[in-house]
1. What are the residues in region 22-37 that are in a helix (DSSP H, G or I) and within 13 Å of the chain's Cα centre (by Cα), if any?
2. Filter region 60-90 down to the residues that are under 17 Å from the mean Cα position of the chain (by Cα), under 20 Å from residue 14 (Cα atoms) and among the hydrophobic types (A, V, I, L, M, F, W, C) and list them by number.
3. Among the residues of region 87-94, is any without any contact (Cβ under 8 Å) to a residue 12 or more places away in the chain, more than 18 Å from residue 32 (Cα to Cα) and outside any helix (DSSP H, G or I)?
4. Name the single residue, out of those in region 71-105 being out of contact with any Lys or Arg (no Cβ under 6 Å at 6 or more places or on another chain) and either at positive phi or basic (Lys, Arg) (or both), that is surrounded by the most Cβ atoms within 10 Å (Cβ to Cβ).
5. When you look at residue 18, is it farther than 20 Å from residue 120 by Cβ and surrounded by 14 or more Cβ atoms within 10 Å (Cβ to Cβ), yes or no?
6. Working only within region 49-70, note down all residues that are assigned to a helix (DSSP H, G or I) and either in contact with a Pro (Cβ under 9 Å, 6 or more places away or on another chain) or crowded, with 17+ Cβ neighbours inside 10 Å (or both).
7. Quick one: residue 30 ticks every box in (1) in contact with a Ser or Thr (Cβ under 7 Å, 6 or more places away or on another chain); (2) at negative phi; (3) surrounded by fewer than 19 Cβ atoms within 10 Å (Cβ to Cβ) except a single one, so which number is it?
8. Considering only residues that are touching a residue at least 40 places away in the same chain (Cβ under 8 Å), of a type in the set (Asp, Glu) and within 23 Å of residue 103 (Cβ to Cβ), which ones fall in region 1-59?
Amino acid sequence: MNTPYALLVELAQPMAEATAVLRAALAAEQMGIVSEVDLQASLKAQLGVDTPPQRLLGVCSPRVVHVLTRAEPDIAALLPCGCAVSEPVPGLTRIAMQDPRLIGAATNNPEVRAACELARAALRRVADRLAFPSSTLSAQESLP
């Protein structure tokens, strides 16, 4: 399941459990969550709107960020990659991870584009680990 801008995975788990599995899958790719916003609480507090549980996560690889900001310092305005985690119905979690190629498309810098392709491959492996937890996936390409 994909869109032009995100890698999508649905897990038959409550959001807290799915987020823990996401963290582990990211760690296996030397990535992590660097920011977290409780969107459900924010929308309730600021607009009085009730929504299902939702969190916005900033996903990052220090190695990729280093390559990107060394190659094009202002690209940092597009970082970290966004990730939305929601539980539209109890026990079903939907994870949408931003495709890093969106960042690469904002520049003609080949070093940035190459790093974004490697980051996308890593996030694809994360999505596959989430969707197929019993499979043993190994890194096809290493992050810069």
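Read the figures in this text as sums done on the coordinates, not as results from a lab. Values in this document were obtained by computation on a predicted structure and should not be read as measured data. Reconstructed Cβ throughout: ideal geometry from the backbone, glycine too, with neighbour counts over all protein chains shown.
1. Of everything in region 22-37, those that are in a helix (DSSP H, G or I) and within 13 Å of the chain's Cα centre (by Cα) turn out to be 22, 23, 24, 25, 26, 27.
2. Hits for region 60-90 are 83, 84, 85.
3. Taking every residue of region 87-94 in turn, none turns out to be without any contact (Cβ under 8 Å) to a residue 12 or more places away in the chain, more than 18 Å from residue 32 (Cα to Cα) and outside any helix (DSSP H, G or I).
4. In this case the residue turns out to be 94.
5. Taking the combined requirement at face value, the residue satisfies it.
6. 63, 64, 65, 66, 67, 68
7. Result: residue 30 passes all but (2).
8. Selection gives 29 alone.
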